[in-house]
Every structure is written in C-alpha cells, then in structure tokens.
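What follows is one structure encoded as structure tokens, with my remarks underneath.
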Amino acid sequence: MKEAFVFLSLLSSLQLSAQFNLGFRETEQTLNFTIAGNILAESCVGGLENPQFSFIDLNLDGDDDLFIFDRSNDVIRTYLYNPSTDEYTYSPEFEKDFPSDLKEFVILKDYNCDGRADIFTYNQAAFRVYKNTSNQELSFEKVVDKIRSNYGSFTSNAYVLAGDIPAIVDVDNDGDIDILTFGTVNSENSIEFHRNLSQDLYNSCDSLVFEVPTQCWGKVQEPSNSSELEAISCKGVVPPNGRGSRHAGSTVLLIDPDGDGDKDLVIGDIQTNSVVYGINIGDENEATIDVNQQTTDFPNSINPVAIDYLVAGYELDIDRDGVLDLLMTTNNSVDSSYNNGHVWYYRNLSSSSADYQLQSTEFLLGDMVDLGSNTDPEVIDVNGDGKQDLLIASDYLKNSSQYHRSRINYFMQESNGSFTLIDDDFASLSNLQIVAANIALGDMDADGDQDLIVGDGSGALHYFENNPIAGVAEFTIAVSNYMAINVSSNASPEIVDLNDDGLPDLLVGNLLGSVHYFENSGSFQNPFFSSTPTINELGGIDISAACCVGHAHPKMIENTAFGNGKFLFVGSDEKRIDVFKVNEVLTNSFEHVDSLFFNAGRLTPSTVDFDNDGIYELLCGTGEGGLKYYSRTSNFPIGVSQEHKVLSQNFKVYPNPVNNSLTINFQHPETGTLELIDLQGRSLLLQAIRSSKKILMNTSGYNSGLYIVKFTSNNGVSSQSISILH
C-alpha cells in the first residue's frame, strides 16, 4: 500500500509540477547591437542558414505574414506584417503553433481554396500535408501522411528527395495545386508532373488526388554532371522504386515573368552558385522549355544571383504592391556555402513583363546578429570598465566578399544591454585556421584574470593566456593542441573547479553528445591535465538523439538564483538545453532535473544579467549563426515551478507489464525527451527523440517493479506508469 501511495504521489507531482523552461521566455525585451554603425533592429532573431519563405496569416487579421523554415536545423521564424509601416516584425510567439515534425522543406500553399495557407513538408521521400484549421488562433491538422500519385500502372508515393525544393503551384491553371519534383530512375534527371485531379473529379479544389501524365515536364532534363538543361524525348511513365543516381540537391521554381499565362522554369543545382532560367514556349497544358534560350543571368543580367551553393527561389509580393517579387537564397548546409549575406531580395518593378531589381543581399539578415554558423557567446569585461562585454565565437563565415574560418567577435557593452562590434577577429583566432570554435573563460594560471580555452572541430583544445595591458584584456596563443587533449570531434570546453580543490578543471563536450571530465592535477600557477579523461562520460550524460549526434555544450551554473548546488546546463543539436544536478560523487550519474526547449538549433547557453536587476537571463548561440535571448520575470530555482503545461496522454505504451522491450507509440510524430523514472524519483534513462512516432525502450536491465515513462517537449509534459516484470 505504501509503495502504491508513493508511486501515485510521484506520478501526480510529475504531472502537476512539471518545470516549463524555468520561466525563460522570448519577449520584446532584448539586447541592442551595433555593427559597422548599423543599429540592428531585431538583433536576437537567431540567424538564418538555409531559409525557406512562405506567406501565411499568423494573427488572423486578414494580412499575409512571413513564415520562414530553416532546414539546417529544422527551425521556424515568424514575422508579422504591419500594413501601416510596410515592415515585417519578428514575432516568435507563433512558432510554437506549427507542427513539431516539419523537416527538410516546408512550403505553405492554400490547396483547398479556403483562403488559409496549408503546409506541405517532407516525410520519408514523400509529401506530408497539414490543413490550416485556424479559427480564433493558429492551428493545423494532418490530412495526408504521404501523398499518393497514379503512375498509370499503379499508385505510389509522390517521390521527393530530402535535399530538394519542389514546386507546389497550379501548373495547368485549372484552379488546384499541382506538384513538380525530380523523381527516380526514369525521371531522376527530369521533372515529374503530379497533376491534381481535384477539379476534374469533384469540380472543387479541396482534394489531393494526383496522377503523373509525364515524367519529363518541359521536355528537358538536368544531367547528373551538369546544371545546363538538355532537350529530351519523353519516355513512358515508370513508378518510382526509391533508387536513383542523380545527385541530391536541386530546386524547382515555376514563375510567369513574361505574363503569357504559362509557367517558366527556374532550376537551382548543388554544383553551382546560380540558377538556370528556361522559357516555356509551350502552353499551360503541355510545357516545352526552350533550351536555346536558357540563361544563368537571372533574375537580371546586371545583378544575377550568385550564392554558393544550391540556390533556391521564392516568389512572394514582399512590398505588397500587387506584383510578385523574388527572394533568392541557399538551400545547402556545407562549409562551402554562403551563410552570411545570402538572402537576395529582387523587387519586381513591373506589373506586366517582370523587371526584377536587386534591393538587398541581406533581406532580414541586416537587422539581426548573423555571424555565419554555430555561435558561442561568453561574458567578460574586456576593457576593464566594469561592464560585461561579449565574446562570440563562430564556426565559419562566407559571403560574396569574404570567406574565413572560425573567429571570435568582440562586442563592447556601451550601456545596459547595448553592444558595439569592436573586433571581428579577437585574439587573432583566424591565424589558427580552425573550424567549429567553441570557447570557455577562466583563470587557468591563478594570476587574477580570465584566460581563454578554444575547442575546435577536430576535438582539440587551444590555450590563450591573458596578459592585460592597463587593465584591458590581451589574449595571445600560448599552447596549441593544449595538453594533447582530444575528444574526437567538436570540442566544447568549460572551465570549472568541479572537485572543489581550488584548481580549474576542464569539462569538454563533443559531437557524440557526451561530456568528458579532465581533472587538474597540477598547481595553481602550473595546471596539468592528462590527455585521457578522468571520467570519460561525466554523470552518464548522453544528449544525442537516437538517430543522430548531439553536440554537447556544457555550461556549469553555481548560482543561488538557480538553486542550491551545482547545475550543468548542456546545450545540444536538439533545440533544447538539458539540466543536470551535479552529484557530489562525480563517478555517479547526475540527476536530470529539467529540459529547456527553444526554437533554435545547436544551442550554446550562457547566463547573464546585463541590466543588473539580479534576475538572470539566458543568452544562447545558435547553429544558424545568431543569438537568442530569453528573459524571465523572477529567479525561479530549479525544481520550483513557475509555469507548467500538462499534456493529455499523447502516447501509448505496450506491452504493460513489460519484460525486455517497451514500445511507445505517439499520436503524432514528436520531438522531445523520454525518461524512465523509478519510485525514488531517480531518472534512470534519458533518451532524446526527434520527429518520431514509434520508439523502442530497452527495459531488460532494470529490476522488476513500478516505473514512470515521462515525455517532455516544447509543448509540455505527459507521463504514464508501467510495470517491469521479468
């Protein structure tokens, strides 16, 4: 009876006291940044890496707003349009209203003609569709898991590659939405036309019934070794079999710049920094792209788009003058692609034959901190004026005028929360020619100032000693490949006295999602670390997803504003920060006490109090190359809930009782963390999941008894009881 009472009490406490981001919220309160004399209007949007643009009415006021999906980390950015100022304002409060399983591409189109933009996204080489069901607030309902299309001999999934951007548009002008996409085998280099039969069958546009009349729309192909279009003779229609040799990475945009009523073709390719524009000399029912008129001087010959690599185009009326403009950007996340100055806005100045004129290469980017990729902020008073400045490391930066490896950007704090870029290569880090830099600050040699440790993409560390001049920090490289420490890849260091012996130790996260502990066995002035970790996987921490790597980024917090004791905040690829309470016995597992969910990839957290009100904020670097700033109204110690949101039971478990393997089925694909918790409230297993609907949990190693399975996501918490019986 006592065991049952304890169990029910624990289950109740998990449901009713669920921590929800420790009170941190993204609000209008933000930081101010100035770069090259330009005051950034919306500095902490988080950066953009591979943005995809669509229109949707977010606040249901009748005006289309701007939706951005960034495929580099599957993150969403939402902007409200203000018709009185003709400007877009970053409004993150709508981002949570979109489904959590959006990935690879997200194109918003009104397929059922109800005036509301619906969602087309990627799902296992096919198209998933959500219908916009908004009434008084934004909402969506999944209506198709995988679009099917009739290939003549039989019906199959409409095929799309993960790295591609398809065209979803009314190709034949019959009033319903069609799809153009590269296929496989018979159509791996040509474009499949998935014609919507909704109007033909039902005299309505509210259905998604497709056939494939041709696998070579426009009678052209893009060869595997070239981006030029070739004229071809169409073969018969062959259903896809999931195999093909075409390189992954092509984008398709259909537009009608000449105003003749049929769709012309714009193709982007992973091998080039431009697009190919082909004129349709056929008609709306049978397209023929004239290969003799194809050009890469697009959208105009004076300022053609040139963005490394895999350019994607989006046709939207950005300035609301009644004619469609173009946004051109990159759709590829590799080190050779632009990640700065890479959203080109071409305004259409004509209402008849399009006249695209380049307005900006930094659409929206010019208003935010965007330092390339994978930023990592740290706080330090560089100039000795008593105010905390910012050092922000970044992976690499490439645009039309520059390309460099990892650097540190020094932003001086002018006043509370206002920063100016002083040096974009602080400590001359670029001389090391490293990538994926992450930084940590701490007094390594007991001389009273903070030194710098830099981790790199190879897993190595580099030590920069601080020798201040007239109170101004002066960092110089002292030891490269410091102490021969190497954690295999993507070293993320933290300097902290973990064992309370007065000497600075090192915690180093890595690509795989674990944190390594290196104990300082030297002296105050002469630190020494073995190249072999003292504890290989500190606290049993593993924040990697089941499918993927983790990019563990540790940050130690020992501050009564967060509670008594030491807490390790660990950022990751999974759009969350996991919080662990440090066990006094360092070889034991650390208790997982919370997960903080934020809409940004590869989070690198720092706690700050720039306004000196005693309430701590959270400043995070992002995978998209920017910053995210989260404030709260009070200091809420870890374990004391300010807000909570309990989800209805959104998953089922079976079998129950279970022996060795528990199956967990969600109603919809979910992203978050699963925990197995025993009667003492101890977290025995922490497993990250990403856009998953079915999960297998190995229970063979746990004693028979009662347990709780707890699921935490950006939307809240749900839990269910299970019995393990061997």
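How many residues are small (Gly, Ala, Ser) and crowded, with 19+ Cβ neighbours inside 10 Å when one looks only at region 318-357?
Final tally of qualifying residues: 3.
The rows are residues; the columns are (1) outside any strand (DSSP E or B); (2) surrounded by fewer than 23 Cβ atoms within 10 Å (Cβ to Cβ).
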| residue | (1), (2) |
| --- | --- |
| Leu503 | yes, yes |
| Val508 | no, no |
| Tyr517 | no, yes |
| Ser521 | yes, yes |
| Phe524 | yes, yes |
| Phe528 | yes, yes |
| Gly539 | yes, no |
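Would you please name the residue that is nearest to His553 (Cα to Cα), looking only at residues in region 609-632 that are buried (at least 19 other Cβ atoms within 10 Å of the Cβ) and among the hydrophobic types (A, V, I, L, M, F, W, C)?
Cys620
Looking only at region 407-430, decide whether some residue is buried (at least 16 other Cβ atoms within 10 Å of the Cβ), acidic (Asp, Glu) and touching a residue at least 40 places away in the same chain (Cβ under 8 Å).
no
Within region 212-262, restricting attention to residues that are out of contact with any Leu (no Cβ under 9 Å at 6 or more places or on another chain) and of a type in the set (A, V, I, L, M, F, W, C), which residue is modelled with the highest pLDDT?
Val212
So, of the residues in region 28-42 that are under 15 Å from Asn416 (Cα atoms) and not β-branched (Val, Ile, Thr), which turns out to be modelled with the lowest pLDDT?
Among those that are under 15 Å from Asn416 (Cα atoms) and not β-branched (Val, Ile, Thr), it is Gln29.
Return yes or no: is Gly639 at pLDDT 95 or above and small (Gly, Ala, Ser)?
Answer is no for this residue.
Step by step: first the residues of region 1-27, then only those that are surrounded by fewer than 15 Cβ atoms within 10 Å (Cβ to Cβ) and of a type in the set (S, T, N, Q), then the one that is modelled with the highest pLDDT. Which residue is that?
Among those residues, the one meeting the criterion is Thr27.
Do we find that Val129 is under 25 Å from Lys96 (Cβ atoms), touching a residue at least 60 places away in the same chain (Cβ under 8 Å) and crowded, with 21+ Cβ neighbours inside 10 Å in this structure?
Taking the combined requirement at face value, the residue satisfies it.
For Val185, are the conditions met, namely being at pLDDT below 95, surrounded by fewer than 21 Cβ atoms within 10 Å (Cβ to Cβ) and over 31 Å from the mean Cα position of the chain (by Cα)?
yes
Quick test for you: out of Arg116, Arg71, pick the one residue that is buried (at least 23 other Cβ atoms within 10 Å of the Cβ), outside the structural domain of Gly672 (by the TED database) and basic (Lys, Arg).
Arg71
Could you list, in sequence order, the residues of region 446-475 that are part of a strand (DSSP E or B), surrounded by fewer than 21 Cβ atoms within 10 Å (Cβ to Cβ) and touching a residue at least 40 places away in the same chain (Cβ under 8 Å)?
Passing the criteria: only Val472.
Is there any pair linking a residue in region 658-680 that is free of Cβ contacts under 8 Å to residues at least 40 places away in the same chain and not assigned by the TED database to the domain that holds Pro99 to one that is loosely packed, with under 15 Cβ neighbours inside 10 Å and of a type in the set (Ser, Thr, Tyr), with Cβ under 9 Å and at least six apart or on different chains, and which?
Short answer, once both residue conditions are applied: Ser661/Ser700; Thr663/Tyr654; Asn665/Tyr654.
Look through region 685-701, keep the residues that are more than 22 Å from Val549 (Cβ to Cβ) and surrounded by fewer than 17 Cβ atoms within 10 Å (Cβ to Cβ), and return whichever of them is modelled with the lowest pLDDT.
Step by step, filter region 685-701, then rank; the result is Gly701.
Per-residue answers, yes or no, for (1) over 18 Å from Ser190 (Cα atoms); (2) not polar (S, T, N, Q):
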{"site": "Gln271", "(1), (2)": "no, no"}
{"site": "Gly278", "(1), (2)": "no, yes"}
{"site": "Gly282", "(1), (2)": "no, yes"}
{"site": "Ile289", "(1), (2)": "no, yes"}
{"site": "Ala306", "(1), (2)": "yes, yes"}
{"site": "Leu310", "(1), (2)": "no, yes"}
{"site": "Glu315", "(1), (2)": "yes, yes"}
{"site": "Asp325", "(1), (2)": "yes, yes"}
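Taking interchain pairs and intrachain pairs at least six residues apart, which have beta carbon atoms under 8 angstrom, with the first residue in region 608-630 and at pLDDT below 90 and the second crowded, with 21+ Cβ neighbours inside 10 Å and aliphatic (A, V, I, L, M)?
If the second residue must be crowded, with 21+ Cβ neighbours inside 10 Å and aliphatic (A, V, I, L, M), the pairs left are Phe610/Leu31.
Step by step: first the residues of region 283-297, then only those that are touching a residue at least 40 places away in the same chain (Cβ under 8 Å) and assigned to a loop (DSSP other than H, G, I, E, B), then the one that is surrounded by the most Cβ atoms within 10 Å (Cβ to Cβ). Which residue is that?
It comes out as Ala287.
Tally the residues that are surrounded by fewer than 23 Cβ atoms within 10 Å (Cβ to Cβ) and either among the polar types (S, T, N, Q) or assigned to a loop (DSSP other than H, G, I, E, B) (or both), restricting the search to region 166-176.
Going through region 166-176 one residue at a time, the tally reaches 5.
From (1) small (Gly, Ala, Ser); (2) in a loop (DSSP other than H, G, I, E, B); (3) at pLDDT 95 or above; (4) under 24 Å from Gly623 (Cα atoms), pick out the condition that doesn't hold for Gly322.
Of everything listed in (1) small (Gly, Ala, Ser); (2) in a loop (DSSP other than H, G, I, E, B); (3) at pLDDT 95 or above; (4) under 24 Å from Gly623 (Cα atoms), Gly322 misses just condition (4).
Among the candidates Gly550, Gly502, Gly509, Gly563, which residue alone is more than 21 Å from Leu674 (Cα to Cα) and at pLDDT below 95?
Exactly one of Gly550, Gly502, Gly509, Gly563 is more than 21 Å from Leu674 (Cα to Cα) and at pLDDT below 95, namely Gly563.
If Asn499 passes every condition in (1) closer than 20 Å to Lys555 by Cβ; (2) outside any loop (DSSP other than H, G, I, E, B) but one, which one does it miss?
The one condition Asn499 does not meet is (2).
For region 338-358, state whether one or more residues are polar (S, T, N, Q) and over 30 Å from Gly261 (Cα atoms).
yes
For region 338-445, list the strands (runs of 3 or more DSSP E) that sit wholly inside it and hold at least 1 residues that are out of contact with any strand residue (DSSP E or B) (no Cβ under 7 Å at 6 or more places or on another chain) and not acidic (Asp, Glu); which are they?
Fully inside region 338-445 and qualifying: 407-415.
Starting from residues that are more than 15 Å from Glu494 (Cβ to Cβ) and of a type in the set (A, V, I, L, M), keep the ones in region 515-547 and report whichever is modelled with the highest pLDDT.
By that ranking, first place goes to Ala545.
Residue check: is Glu465 over 30 Å from Leu498 (Cα atoms) and among the acidic types (Asp, Glu)?
Criteria not met by Glu465.
Restricting attention to region 581-598, does a residue exist that is in a strand (DSSP E or B) and more than 31 Å from the chain's Cα centre (by Cα)?
No, the conditions are met nowhere in region 581-598.
Can you tell me which residue within region 306-317, out of those that are buried (at least 23 other Cβ atoms within 10 Å of the Cβ) and closer than 19 Å to Ala167 by Cα, is modelled with the lowest pLDDT?
So the residue we want is Leu310.
Is it the case that some residue within region 481-496 is touching a residue at least 12 places away in the same chain (Cβ under 8 Å), in the same structural domain as Arg602 (by the TED database) and touching a helix residue (DSSP H, G or I) at 6+ places or on another chain (Cβ under 8 Å)?
no
Using the structure shown, decide if Leu618 is under 25 Å from Phe518 (Cα atoms) and outside any loop (DSSP other than H, G, I, E, B).
no
Quick check on region 580-592. Is at least one of its residues free of Cβ contacts under 8 Å to residues at least 60 places away in the same chain, among the β-branched types (Val, Ile, Thr) and either within 25 Å of Ser718 (Cα to Cα) or not assigned by the TED database to the domain that holds Phe94 (or both)?
yes
The values are calculated or read from the model by the stated rules, or taken from the named source; none is laboratory data. Just so we're clear, the structure is a prediction, and the values are computed from it rather than from any experiment. FYI the Cβ positions are ideal-geometry reconstructions off the backbone, even for glycines, and counts take in every protein chain you see.
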